[in-house]
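Trainee: Take a look at this one; I'll ask things after.
The values are calculated or read from the model by the stated rules, or taken from the named source; none is laboratory data. Just so we're clear, the structure is a prediction, and the values are computed from it rather than from any experiment. Virtual Cβ from ideal backbone geometry, glycine too; neighbours counted across all protein chains shown. These accessible areas exclude ligands, DNA and RNA; they are computed on the full protein's heavy atoms, side chains included. Shrake-Rupley method; radii C 1.70, N 1.55, O 1.52, S 1.80 Å.
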Amino acid sequence: GQLPSWLQGMLLRNGPGMHTIGDSKYNHWFDGLALLHSFTFKNGEVYYRSKYLRSDTYNSNIEANKIVVSEFGTMAYPDPCKNIFAKAFSYLSHTIPEFTDNCLINIMKAGDDFYATGETNFIRKINPHTLETLEKVDYNKYVSINLATSHPHYDSAGNVLNMGTSIVDKGRTKFVLFKIPSSVPEKEKKKSCFKHLEVVCSIPSQSLLHPSYYHSFGLTENYVIFIEQPFRLDIVKMATAYIRGVNWASCLAYNKDDKTWFHFIDRKTKKEVSTKFYTDALVFFHHINAYEEDGHIIFDLIAYTDNSLYDMFYLKNLDKDFEENTKLTAIPTCKRFVVPLQYDKDAEVGSNLVRLASTATAVKEKDGNIYCQPEILCEGIELPRINYNYNGKKYKYVFATEVQWSPVPTKIAKLNIQTKEMLHWREEHCWPSEPVFVPNPDAKEEDDGVVLTCVVKSDPKEAPFLLVLDAKTFTELGRAVVNVEMHLDLHGIFIPEQVVKTETE
């Protein structure tokens with residue numbers, strides 16, 4: 001095919017790549033050692049490169065020729081120690097686990113640098129050209145957090161906003177919003193941007209020992225949206241998991257009878273909105289977008305009615321009949337919540353406070369809490385992406401993979417959330433990954449650009465390829481076939497040419 005002449009730059013992708021080391025195997029697909037890929041677009045041609053992230057975890061495992069570092073779904077048990085004291089110490093040291101730096105979920109830009117990220121307090125700097133692994137950064141040196149999301153936000157100045165969980169620090173468990181500046185003062189050029197990291201605000205967890213799990217958060221022009229879902233980590237169970245011979249994933253529990261609380265933090269005052277807003281129990285991983293309109297906050301996310309998604313990716317379930325046998329018990333649903341921040345305080349109990357044209361409701365209750373019910377935008381999509389220039393603003397289009405009842409994506413979809421119309425790309429025996437939207441530099445409209453996705457064939461004898469779609473029409477512009485074994489990955493980013501100057505220059 002023909003690629004647009006303006007498409008110059010690099011698509012960086014990240015995901016689990018190696019699941020067997022020596023005679024040992026990971027239990028869960030999300031545990032595999034991180035594999036980085038890059039597709040470089042230069043003058044109508046595509047260059048491919050891939051490399052394992054050389055994390056401390058990778059190096060320790062390869063050296064021992066077996067899994068010696070625990071991951072979320074796989075507990076590693078090093079050789080039984082010779083004496084009883086060393087053994088007891090080994091158990092104790094796992095109480096607050098030394099988390100893995102196998103950063104296999106996403107790629108983040110901070111300052112002028114790029115980092116592979118997971119959900120622990122470690123991230124790894126990488127060279128985007130060579131995919132070499134550089135220094136390890138521990139968030140905990142700069143902010144007291146044990147876990148952090150892999151879906152940061154970037155503001156117009158290029159600063160990174162991210163959230164982490166601080167577990168029982170000074171007797172409190174809280175969710176911390178922090179900011180990494182895009183540049184450091186001239187006189188401190190030698191220092192990293194993390195030295196200037198600042199805590200924007202923190203939200204106390206409803207429970208000291210059961211903090212909510214979260215994978216992303218939302219952002220509008222004036223607010224940060226954090227959702228405390230009843231899908232929680234049990235800290236006591238985590239602390240004793242190693243002794244009990246179970247993995248950390250088994251310490252996550254979903255309570256379907258609980259509420260899901262919405263927190264809105266004013267980005268200027270750094271204070272939380274005092275009104276309590278909530279909805280029914282749900283499990284979700286991905287926010288899509290959020291914006292403000294006429295005193296309301298509108299946010300869209302992909303939600304489930306249970307936590308079966310994680311369990312499906314245990315490798316024992318991923319056999320050759322996986323597609324036929326594995327069925328989600330809850331289909332992913334794209335939900336829109338409309339939350340009235342400004343409403344008539346004298347409105348009567350039981351009245352719907354939403355003043356916008358939407359089937360979403362927000363009902364005032366006796367105790368002053370507001371119970372929200374969503375509008376359903378569509379079903380069966382996951383790994384949503386938008387034109388990031390519209391992040392926090394009113395928008396129209398979502399690009400996503402389509403999954404239906406099996407967690408394996410079979411199509412790429414474009415949803416117009418205003419008209420609910422959908423466009424699709426699919427081909428027999430193809431599993432596409434998260435679609436990344438790249439805007440045309442001269443774009444006048446939101447969907448003026450291309451969508452990039454890596455496509456793996458379900459027949460291992462057939463070569464995978466990078467697919468380039470016209471984002472407007474969803475017609476194929478071209479594909480770059482890569483003759484290597486490629487894995488389904490998780491997330492990635494596109495770096496325009498001017499941001500990532502090529503090595504030769």
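Trainee: So which GluC sites (Glu not before Pro) in region 132-196 are both in a DSSP loop and have at most 16 other Cβ atoms within 10 Å of their Cβ?
Mentor: Glu132
Trainee: Hey, another quick one. Cross-link partners among lysines for Lys270, C-alpha distance below 18 Å, same-chain residues fewer than 8 apart left out?
Mentor: In chain and number order, the partners are Lys174, Lys179.
Trainee: Pop out the Kirkwood hydrodynamic radius of the chain from its pairwise C-alpha distances, inverse of mean 1/r, in Å to one decimal.
Mentor: Details: mean 1/r = 0.0420 Å⁻¹.
Hydrodynamic radius (Kirkwood, Cα pairs) of the chain is 23.8 Å.
Trainee: Show that you can apply the helix-only estimate: for the chain, add -39,500 (n - 2.57) for every DSSP H stretch of four or more residues, divide by all residues, and state [θ] at 222 nm to the nearest 500. If you can, show how the numbers build up before the last one.
Mentor: Values: 5 runs with 38 residues, N = 505.
For the chain, the value works out to -2000 deg cm²/dmol.
Trainee: Among rounded, prolate and oblate, which fits region 128-167 when a ≥ b ≥ c are the square roots of the eigenvalues of its C-alpha gyration tensor, a/c under 1.5 means rounded, and a/b larger than b/c means prolate? Working shown, then result.
Mentor: On the way: a/c = 2.29, a/b = 1.21, b/c = 1.89.
Verdict is oblate for region 128-167.
Trainee: Using the crude model of +1 on Lys and Arg Cβ and -1 on Asp and Glu Cβ, and no other charge, please compute the dipole size for the chain relative to its Cα centre, in debye to 20.
Mentor: Computed charge dipole of the chain: roughly 1260 debye.
Trainee: Determine the relative contact order of the chain: mean sequence separation of Cα pairs under 8 Å and six or more apart, normalised by residue count, in whole percent. Mind showing how you got there, number by number?
Mentor: Details: 1229 pairs, mean separation 59.5, N = 505.
After rounding, I find 12 percent.
Trainee: Follow-up. Just the number, please: carbon plus sulfur as a percent of the accessible area of region 251-362, 1.4 Å probe, no ligands or DNA/RNA counted.
Mentor: On the way: 2510 of 5200 Å².
Heavy-atom surface of region 251-362 belonging to carbon and sulfur, 1.4 Å probe: 48 percent.
Trainee: With no solvent and one equal point scatterer placed on each C-alpha of region 236-395, evaluate the Debye formula and give log10 I(q)/I(0) for q = 0.11, 0.19 Å⁻¹, two decimals.
Mentor: Here the Debye-derived log intensity ratios amount to -0.59, -1.26.
Trainee: Also, quick follow-up: Calculate one ³J(HN,Hα) per residue across region 207-224 by plugging θ = phi - 60° into the Karplus curve 6.51 cos²θ - 1.76 cosθ + 1.60, and present them in order as whole Hz with x for glycine and proline.
Mentor: 10, 4, 10, 9, x, 5, 7, 8, 10, 7, 9, x, 9, 10, 4, 10, 9, 9
Trainee: Roll a 1.4 Å probe over the protein heavy atoms and report the accessible area of Ser216 in Å², nearest 10.
Mentor: Number for this one is 10 Å².
Trainee: If you don't mind, there's one more thing I want to ask. Using θ = phi - 60° and the Karplus relation 6.51 cos²θ - 1.76 cosθ + 1.60, list the HN-Hα couplings for region 413-428 in order, rounded to whole Hz, with x at every Gly or Pro.
Mentor: Karplus values, whole Hz, x for Gly and Pro: 10, 10, 10, 8, 6, 7, 9, 6, 6, 10, 10, 9, 10, 8, 8, 3.
Trainee: Could you point to the residue in Leu452, Ile370, Pro409 farthest towards the positive end of region 358-505's charge dipole, with +1 and -1 charges on the Cβ of Lys/Arg and Asp/Glu respectively?
Mentor: Ile370
Trainee: Roughly how much of Trp431 is accessible, in Å² to the nearest 10, using a 1.4 Å probe?
Mentor: In the full protein context, Trp431 sits at about 50 Å².
Trainee: Could you quote the convex hull projected area for region 110-208, Cα atoms only and averaged over all directions, in nm²? Walk me through the numbers on the way to the answer.
Mentor: Working: hull surface 27.9 nm².
Projected over every direction and averaged, the Cα hull of region 110-208 covers 7.0 nm².
Trainee: Right, another one. Taking the highest mean first, how do the peptides 46-53, 157-164 order by number of other beta carbon atoms within 10 angstrom per residue?
Mentor: Details: 46-53: 17.0, 157-164: 18.8.
Highest-to-lowest ranking by the protection proxy: 157-164, 46-53.
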